[in-house]
Amino acid sequence: MEVPSPEEMRQEAARINNSDEDDDAIDAIVFMIASLHLGPNAQKISRYTKMNQARCILYGQRLRKNKIWVGLKIDCEEWFDEKAGGVALILDAMVARGELEKTYEDEDGKNK
């Protein structure tokens, strides 16, 4: 699979976010899209997208803390849901930005 250009990623992020404004939300979504193609590696994503490296590293740390990035895997299955995939991606981008934390519950409803 060919890696989309940073501009193509930005266009897709604007479509998903229903906005063409050049803001932090779009950057975070670009970061998430780039991680699908480049792997969970903040430095590599920063180099490819030309995004601020410190910001990318912080995004990566938050994604690891919240178990969206685990080792070399990305917990992104929900991003591909036909009805709610865009919302799931935006929510995970909000985690990267530090606006939300992701919690996981076991079968008894207790946080893991």
Can you find, within the stretch 77-100, the residue that is nearest to the chain's Cα centre (by Cα) among those that are part of a loop (DSSP other than H, G, I, E, B), modelled with pLDDT under 95 and not aliphatic (A, V, I, L, M)? 81
One residue is enough: does the stretch 31-45 have a residue meeting the conditions modelled with pLDDT of 95 or more, farther than 23 Å from residue 103 by Cβ, not in a helix (DSSP H, G or I) and not small (Gly, Ala, Ser)? yes
Being out of contact with any Pro (no Cβ under 9 Å at 6 or more places or on another chain), assigned to a helix (DSSP H, G or I) and within 16 Å of residue 80 (Cβ to Cβ) narrows it down to one residue among 26, 16; which is it? 16
Given the condition surrounded by 18 or more Cβ atoms within 10 Å (Cβ to Cβ), modelled with pLDDT of 95 or more and over 23 Å from residue 102 (Cα atoms), answer yes or no: does some residue in the stretch 51-60 qualify? yes
Among (1) of a type outside the set (Ser, Thr, Tyr); (2) buried (at least 18 other Cβ atoms within 10 Å of the Cβ); (3) touching a helix residue (DSSP H, G or I) at 6+ places or on another chain (Cβ under 6 Å), where does residue 40 come up short? (3)
Take the conditions modelled with pLDDT under 95 and outside any helix (DSSP H, G or I) and apply them to residue 7. Does it pass? no
List pairs: first in the stretch 81-105 and at positive phi, second of a type outside the set (Gly, Ala, Ser), Cβ under 7 Å, 6+ apart or cross-chain? 98/62
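The values are calculated or read from the model by the stated rules, or taken from the named source; none is laboratory data. The structure presented is a predicted model; accordingly, all values stated were derived computationally and were not measured. Quick reminder, even Gly has a Cβ in these numbers, built from the backbone with ideal geometry, and neighbours come from all protein chains shown.
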